[in-house]
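Written below as structure tokens is the structure these notes are about.
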Amino acid sequence: MKPFSYAAFVAYGNACINNANGKTQELQDAFRADLKKNIAKAGYPSKDEIGIVDTINDFEMGATLRAIPSMVTGFMHDEDRAFELPAVDSNTAAGSLRIASVEEKTREGVIMLGEHKGETYTSTTGAHDEYRVKSNTDPFKKK
């Protein structure tokens with residue numbers, strides 16, 4: 001799997017919002033509806049002019065899309081909730097991303113290699129929060 005890339009995420013998001021692949025009409029319609037509501041709240045342009053949004057097929061949403069990971073992690077932290085990840089197709093399990101608290105942990109061991117071979121060491125990891133992912137594999141269980 002490739003590492004996360006903001007540039008790739010923004011390019012993908014822009015393609016989805018613009019229905020570039022012909023598979024994301026629902027997302028494009030939702031975005032346009034929200035955009036029209038916000039323009040109407042501002043009172044400009046007139047209600048008839050808001051229809052111009054329907055003719056735009058090259059929305060650039062880079063700044064918003066780059067903020068989505070921070071919004072998701074902020075939501076999870078501030079609301080103390082998991083973030084549900086839907087299955088993208090019938091071969092992918094839905095999942096849940098959550099933040100879990102981890103207590104401080106100290107381990108002792110024996111060095112196995114090098115000039116200090118045979119000596120004991122102590123390693124301590126401080127208390128912290130970390131992400132946990134759980135996949136829902138129930139739909140894939142064979143009876």
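The Rg/Rh ratio of the chain, with both radii computed over alpha carbons and Rh defined as the Kirkwood radius, is 1.17. Dividing the helix sum by the residues of the chain, where each DSSP H run of 4 or more adds -39500 (n - 2.57), gives a mean residue ellipticity at 222 nm of -11000 deg cm²/dmol.
Taking the chain as a Gaussian network, Cα atoms linked when under 10 Å apart, which of Ile68, Ile56, Ile17 shows the biggest mean-square fluctuation? Highest fluctuation of the listed residues: Ile56. For the range 64-130, the alpha-carbon radius of gyration amounts to 1.81 times the rule-of-thumb value 2.2 N^0.38 Å expected for a compact globular protein. Length gained on full extension, Glu79 to Tyr131, computed as 0.36 nm times the residue gap minus the Cα-Cα distance: 17.2 nm. Dipole size of the chain about its Cα centre, with +1 on Lys/Arg Cβ and -1 on Asp/Glu Cβ: approximately 480 debye, rounded to the nearest 20. Separation of the range 116-137 and the range 51-95 by C-alpha centroid, Å? Each part's Cα centre sits 30 Å from the other's.
For the Cα atoms of the chain, what angle does the longest principal axis make with the long axis of helix 6-17, in degrees from 0 to 90, nearest 10? So the inclination is approximately 30 degrees. Counting only protein heavy atoms and a probe of 1.4 Å, the accessible surface of the chain is 55% carbon and sulfur. Pairs of Lys residues in the range 73-143 that lie 8 or more places apart, or on two chains, and have C-alpha atoms under 24 angstrom apart add up to 4. Annotation: amide H of Leu85 within the under-5 Å range of Gly95, Ser96, Leu97, sequence separation 5 or more or interchain, hydrogens built in the peptide plane. The local environment of Thr124, defined by Cβ-Cβ distances under 13 Å, has a net charge of -1 under the rule Lys, Arg +1 and Asp, Glu -1. Relative to the longest principal axis of the Cα atoms of the chain, the long axis of helix 62-79 lies at roughly 60 degrees.
The values are calculated or read from the model by the stated rules, or taken from the named source; none is laboratory data. All values derive from a computational prediction rather than experimental measurement. Please note: Cβ atoms are built from the backbone with ideal geometry, for glycine as well, and neighbour counts cover all protein chains shown. Note: accessible area is taken over every heavy atom of the protein model, side chains too, but ligands, DNA and RNA are not part of it. Shrake-Rupley method; radii C 1.70, N 1.55, O 1.52, S 1.80 Å.
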